[in-house]
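Before any comments, here is the structure.
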Amino acid sequence: MGFVFSLETILKIAREKFDLLREEFKLIKGLLDREEKTLKELENVHSSHLKRFPALKKDPLEARELLIFENYLTLLREKIRSQKGRVLEVKKNLEAKKGELIHASRKVKLLEKAKEKELLNHKASQRHKESKRLDQWAQRGKKGLKGD
């Protein structure tokens, strides 16, 4: 009789769930990378404009132009603050998904160990049955030889 793991269906589902979680983790990681890149770009733009700001003060500017530039910098700072919030939120999602992934991985490993143990028990049982059958045949053979 062939070996059939009693929890094979559960193991299959656990593996599928693990694979799905791994894909979700990759997607969230990709999103985090994009959000961090956007944040870095915003910070670079803000930094480069701040470097220009002292030079602008030396040049004669109209108050209106200076106000527009300051409003632009304020808007950039607000975008940076907002982007930092998005990055933080995605990081939290990534950490949560990582926890789920670790839990699913442990479950799969536990079920795989149970399968290995059950297989070893099955093989031992099969060897024991085979040994018993051979012993019975040997006993019959001895009885047949004595009767001759």
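Couple of notes before you dig in:
- Separation between Cα centres of the range 77-103 and the range 31-50, rounded to whole Å: 16
- Mean separation of Cα contacts under 8 Å (6+ apart) over length of the chain, as relative contact order %: 47
- Sorted by Cβ neighbour density within 10 Å, fewest at the top, the residues 38, 74: 74, 38
- Helix 63-147 axis, angle to the chain major axis (alpha carbon atoms, nearest 10°): 0
- Pairs spanning more than 28 Å between alpha-carbon atoms, out of 40/97; 17/37; 26/107; 40/98; 17/79; 51/84: 17/37; 17/79.
- For percent of Cα pairs over 20 Å apart, calculated from these coordinates, the label among (1) 72; (2) 51; (3) 42: (1)
- 222 nm mean residue ellipticity, helices alone, for the chain (DSSP H n ≥ 4; -39,500 (n - 2.57); rounded to 500): -35000 deg cm²/dmol
- For residue 117, the aspartates and glutamates whose Cα falls under 14 Å of its own Cα, not counting residues fewer than eight places away in the same chain, are 8.
- Links that overshoot a 23 Å alpha carbon limit, given the list 12/113; 92/115; 109/132; 12/115: 92/115; 109/132
Taken together, the values in this text are just the output of simple stated rules run on the coordinates, not laboratory data. Please read all numbers here as calculations on a predicted model, not as lab measurements. Using ideal geometry, Cβ is built from the backbone for each residue, glycine included, and neighbour counts are taken over all protein chains shown.
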